[in-house]
1. Find the eigenvalues of the gyration tensor of the Cα atoms of chain B, then list the square roots of 5 times those eigenvalues as equivalent ellipsoid semi-axes, largest first, in whole angstrom.
2. Amide H of A:M56 versus every other amide H placed in the peptide plane: which residues, excluding those fewer than 5 positions away on the same chain, fall under 5 Å?
3. So, R0 is 22 Å and r is the distance between the beta-carbons of B:N462 and B:D489; what FRET efficiency does that work out to, to 0.05?
4. Going from most exposed to least, what order do B:W917, B:W752 have by accessible area with a 1.4 Å probe?
5. Highest mean first, what order results for B:24-36, B:98-110 on Cβ atoms within 10 Å?
6. For the pair B:A964 and A:H31, what calculated FRET efficiency results from E = 1/(1 + (r/R0)^6), where r is the Cβ-Cβ distance and R0 = 60 Å, to the nearest 0.05?
7. Using a 10 Å cut-off on Cβ to Cβ distances, tally the other chain neighbours for every residue of B:1030-1043 and report the average as a whole number.
8. Taking N as the number of residues in the protein assembly as shown, what value does Rg over Cα atoms divided by 2.2 N^0.38 Å take?
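The values are calculated or read from the model by the stated rules, or taken from the named source; none is laboratory data. Since we're looking at a predicted model, the values are computed, not measured. We place every Cβ from the backbone using ideal geometry, glycine too, and count neighbours over all the protein chains shown. Surface accessibility is based on the protein's heavy atoms, side chains included, excluding ligands, DNA and RNA. Shrake-Rupley method; radii C 1.70, N 1.55, O 1.52, S 1.80 Å.
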Amino acid sequence: MKARVLLVEDNEANRYLATFVLERAGYDVLHASNGREAVRLALAERPHLVLMDLEMPEMDGYEATTLIRAAAEGRDIPVVAVTSLAHAGDRAKARAIGFSDYIEKPYDPEDFVRRLQRVLSRPSSA
Amino acid sequence: MGQVARLPLVPASRVQPHRQSFRRLVLFGTLGVVLAAMGLFGGLMEHQTRELAGDLARSLLGQKLGQVRARVTELLGSAERQGRTCLQLTPPGGLKESDYLRVFAQLAPAFMQQAEFTYLGYAAEQTGDYAMLERFSERDFRLRIYASTASGVREIRDYRFERGEFVLVKTNPWDQYDPRARPFYLAAKAARRPVWTQTYVFRANEHRAEVPGVTHAVPVIDPSGALQGVWDVDFDTYALADFLKTKSDPQSGYAFVLEERDDGERMLIAHPDLTKVMDERRQLVGGRQVRDPVVGAFLNAMKGQLRPSRPREAHPFEWAGEDYLSSYEAIGSDHGPAWLLAVVMPRSYAAARLDESRSLALLFGLGVTAVVVLLAAWLAGLLATPVERLRVAADGLAEDSDPQPVKVEGPYELARLAEAFNTMLASVEVRRRELLAANLRLQEEVRQRRQREAELEAVFSNAPVGIWVTDLTGRYTLQSERLRERFGDCRGKTPEELDLPPALQEQYSLNNRRALAGEVVHGETAENIGGVATYFHWIVAPIRMGGLVTGALGVSIDVSERRRAEDALLRSQQRLRLHLENTPMAVIDWSADFTVLSWNAAAETIFGWTASEAIGRHGLFVVPEAERGAVREVWSELVQRRGGFRNYNQNVTHDGRVIDCEWYNTVLTDEHDQIIGVSSLVLDVSERIGAETLYRESEERFIKSFSDSSAAKLLTRRVDGRIVDVNKRFAQVMNCRREDVIGRTTIELNFWRDPAERTQLMNRLERDGEVRDYECKLYPRNSAPVEVVVSMVAVPLGADLCLLTTFVDDSERQAAVRALQESQRFMSTLISRLPGMVYRCRNDEEWTMTFVSDGAKELTGYEPAEIEHNRLVSFASLIHVDDRARVWQETQRAVAAGMGEFSYEYRILHRSGEVRWVWERGEGRYDAESGATTLIGFVTDITERKLAEEEVLKLNLSLEKRVADRTGELAAANDKLKELDRLKSEFLATMSHELRTPLNSIIGFSALLHRGAAGALNDEQQKQIGLVNNSARHLLTLINDLLDLSRIESGRMELFPEEVSIGDVLAEVEATLAPMTSHKNLRYTTFVPSPPPRLVTDRKRLFQIVLNLANNAVKFTEQGGVTVDCTRLGDGLRISVQDTGIGIKPEHLPMLFEAFRQIDGSARRVYEGTGLGLHLCRKLLDLLGGHIEVRSEAGRGSCFAITLPANASSGGKDGVA
């Protein structure tokens, strides 16, 4: 069975890129373009992994992840921050909220996939 | 320096002259040996001569025979070869007439070469024709044909050989010659084979006479066996004879040829004497008959023995009394001529040859002898010369004529001998010098000994001591002059025999005996000499020679004087002790460290301490606290300078009284001038000092004032009026001399015109106790009277009461008044001229002026008179109303404080209405008479200065304001700038974020496309999308650097220090750069100390810094490599990145770490970069507490080195602003 990944991304070009890379790597990709939608989909669909942009309209990635973590259904879903926020403070904040990893944009597609696979292969996510 | 007697080193004998010299021995010896050898050799040679002669003869004969045989065989052989050649050229049917020219033309060249052949011909059987080649000389020949003409007439045709063919020269009529009748033809015809004829006579013709010769005849037989003709090859025997002649010699013998004839005769056919004869035309004209008797003798001797089987024997025979030796050989074959070759030689020749060789041997022997003699002479010379040289040197040594080392030459043994000689010479020389030196020493010793003896003698005769020596029996053997004077000549006597009291005799005898027993005795005795007791101190000691006592030596010294001095000293010491014990002065002895050593009775009395209490204490115990410093100084001066003999100081007694003491201190030293202590005498002078001080002081003061006074003073005794003293001024005024007036009265000296005046003075003195300002006249001697003012007072002077009279010259006072008036006038003039106002006023609120100077007019506009006594205006009204109270208060404060001075500035109102600034300085004076205070002062106009000051003040004030304004503006601008800066940083942070978002898809897609993830691309597309990816990445780096910079500059850069392993960081850098280094084929080396250091720092930032430096290094290096070296530096680390790249020019180094700098434009084009990297590195290192430095050489490479503290969070600046 293919792993399902929820991609939360508001930038269309980046969404396309990530989708392309993920599908080629053999994942099923669900999409959300803002935090609110992401929370709904994550809890409803319970994907194997959520890729969360941090800066988004309506609800940002921090809030969305906090909500997912707060719900029983989302407690165990690994959430990886994928962001162009390069401030060290952002990384620390993300770690505090409970992100599983923090991928800085721009990323190298291969590196990107490797990072996801590493997160997915962790025992906690099995 | 004395001459040294030279010792003969060698016996003075000479070698006998008849002895043979070395040279002659060698020469004759060698010669003898050589001659003996030669004699032996000669004998042996003689013995062998006979055998040798035989051998030689055989050898010579055999040699000659061989030569002859070879020649004959050759002749015969060539003829036979010619015959065969001819036969081959002959057709089977024989030669026809028509063949002659052709065949002979073929034969002609060979014939021309074969000079020994005389004829070569062909005779035809049937016709009797004959063709022949006929030789005239060695090179000249012709063809002669005997043939018939066509008409059958026989004729002779002669041809000449020209260019390979015969040319008919002439035709002659037939001469009847028929070859078929000739012997050769007949022989060939008979034999039917090639055959040799016996010797026969060749026919003569017009060219030659008859000659003997032989022919080799070859018959031509046709196949049917019929004889067709005969070939003949002829040579005359002269040819053979010519050859034999060349080999013959009357001495060495000769060869000849005999022919065995068919008739058994032996015919001589060739002999050296059988020679051709040439005519003028060089044509052979026949031979000479030879009759050689030797041949006959030979044949006789050999009769019946001529056998060819024994050739080469030396057969002896004799002819005409001479011995010959001969050898012979038959040459003969089946077809050859039967010839016998013989050689004869006189035996004497062989002997002569032998003699020749013997004389050669002799000559050789002589030569050898000569050479040997020369060699021997040379050898003898070679040996003799160094020997001679050695002899000369040895002679020189013997005669001591400054021997020189022998030059070492010649054969080894001689060289060694010479070396040995030189060594001996050197040692002899050394020994000689030693002897010389020893001799000199000896002489010196002798001289010194003589001198000592002389000195000793002088001592003996002149010594002021008695010296004597005794033998073992105690008898005197020597005595000095003094002793002789005492005892007369006592040599040979014992002490008992001297003219001495028995006790002394016994004493001296005992002394000698004790000394002889080995003891040193000394003591003193007294002798009565000339009625005076004379004391002698004596010492008697044994004289030891080689450990044995051989006598006694005594010395006695007259010590009478010393004894007397000692006695006197003793007595004086006793006296001194008495004095000291009874003196009222304290006597104290001190050690060098100021400790009491002795303390006499007087000291006990003065200081109150007993001797037992005082001794051993430090000296300061008798010095009061206040005086101790001074006393210490006195002590140190005493000790150091041995000075300070006398001193006054206060002391303290046992009961605490302070007394004045006078100290006499004497420093005591030992014989080495070392201080052993101080002896002090102390006198209590307390009472004396009290009175004395007062007295002396007043007396001194009195005398000083008396003598130095400018007033004339006179001191007289009250009792009798006699003058005790006058001062200089008095003597001057009264025109007298001090010494003339002392001891006399003023009356006597007529100083008073009227003595009643003096009486009146004395009365006033009686009444008032003193006289003051009594005016009177004095009458000096010989000059005008002087008006004086007299004062008189009684003073006690010593025991007397004296009167001190002072005369003040009134004329002088007048002069003083005049001088004062002058001075006052000067002052007033000065005051009136001063640019200000001098005033005197009463201390009231009106400032009532009692005096103002003329300056008031200038200052105030009012005349002085208008101001004085407030006539027109009061000075107070002139003072500016605002300053009036202040001036009054300050003045009163100064006056109240004790007539102090005051000084202030204030304004006054000028008469013109103008306000003027003045400065006043004054003081208050209390006038005791009026009980009021007067103010005196000076006021001056300072308006100009004040105005200037105000101007400056104003200027300063405006300047301060301007500065304040400007500062404010700057602060505002600064705030604004700070705000702008913050905004800029914020903007940059935001912008960089916004830029990263689109960059993500650009980098991501271009990477995917480049890897063919979205389908294969053609090469161009691949290249282009690769460029897009690179550019995007570069843009990202730029953005990251900018972001970092803006964070640092806005102070928002956060650091996350953690424990970092440097090894890991450097390995990660190396791994990151690996693709680039391998692509550029560069060497990349990382050195990390072991164990790998760890430090606390921000790992990410450290990685960023090192990566940046290493990336630059790789980027700017095309060849060689990059070395990253990590070393410990104190607690921290030093990481250097060294490359072999393009390097940096010195002028670029200073701006290297500035933002947006990349060294030069061309580099920027080739090496992409943001120009922010190094700047960022430095900024980050600042945050991490590190430091960066660079060393570089353009074209050679660069080395960037960073240092890092052990702990970035403690050592560096806090990253959180």
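1. 161, 85, 40
2. A:G61
3. That gives a FRET efficiency of 0.80.
4. B:W917, B:W752
5. B:98-110, B:24-36
6. Step by step, r from the Cβ atoms, then E = 0.40.
7. Taking all residues of B:1030-1043 together, the mean is 1.
8. Working: Rg = 83.2 Å, N = 1343, 2.2 N^0.38 = 34.0 Å.
Dividing the Cα Rg of the protein assembly as shown by 2.2 N^0.38 Å gives 2.45.
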